[in-house]
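The structure appears below as structure tokens.
The values are calculated or read from the model by the stated rules, or taken from the named source; none is laboratory data. These figures come from a predicted structure and were not determined experimentally. No Cβ is skipped: glycine too gets one built from the backbone with ideal geometry, and neighbour counts run over all protein chains shown.
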Amino acid sequence: MTNAKIYIIEYIVAKFLSNTFGGIMGLDFVKSKEFLHEGYKPSEEEPFMNEDQVEYFRNKLLDWKKSILSESKDTIKGMKEETRNIPDVADRASEETDRALELRTRDRQRKLISKIDAALRRIDEGSYGYCDETGEPISLKRLDARPIATLSVEAQERHERRERDHRDD
């Protein structure tokens, strides 16, 4: 891989990290960890989006974001360390393909981080956990499985049906 390509990759990943890394190290992350007792799981028996549930989902989102950012840093480190001149064309092409796949994965994760940030904003605004379409609560099971969800299961199914119908036209 040429030095120019390495520089471009480093620039893209550094830009990604600088745009997303700031919020993860803030006091909100440290502060929110103190509120929940260990082993807490949201329950249908408690009031929806009470303080414990909100903090549970905030922590879940922040931990997910931290994990993604850590993987991104490892990618940068690995790409810097693994840069070498490979004389065999087939081996070089294989390595370039692997790097391209890794960068595509990191791009998907960059988009995921923006969804995580949007969910954290909804928590701060008090709208987290409610369906964007109906305003009804999203089930705790759905939120636990997909904490960035903005639609209830029913609304998501309607949305996917509409997409499929329009795609078939």
Problem set entry | Residue count, region 68-113 (criterion: surrounded by 12 or more Cβ atoms within 10 Å (Cβ to Cβ), within 30 Å of residue 124 (Cα to Cα) and either among the polar types (S, T, N, Q) or not assigned by TED's automatic domain parsing to the domain that holds residue 42 (or both)) | 3
For this session: Would you check which residues across region 102-156 are among the polar types (S, T, N, Q) and under 17 Å from the mean Cα position of the chain (by Cα) and list them?
Result: 105, 109, 114, 150
For this session: Output the number of residues of region 46-85 satisfying the condition of being among the polar types (S, T, N, Q) and not in a loop (DSSP other than H, G, I, E, B).
Result: 6
Exercise. So residue 119 fits all but one of (1) more than 22 Å from residue 153 (Cα to Cα); (2) surrounded by 15 or more Cβ atoms within 10 Å (Cβ to Cβ); (3) at pLDDT 80 or above; what number is the exception?
Worked result: (1)
For this session: Could you tell me which residue of region 86-131 is farthest from residue 65 (Cα to Cα), considering only residues that are among the polar types (S, T, N, Q) and in a helix (DSSP H, G or I)?
Result: 94
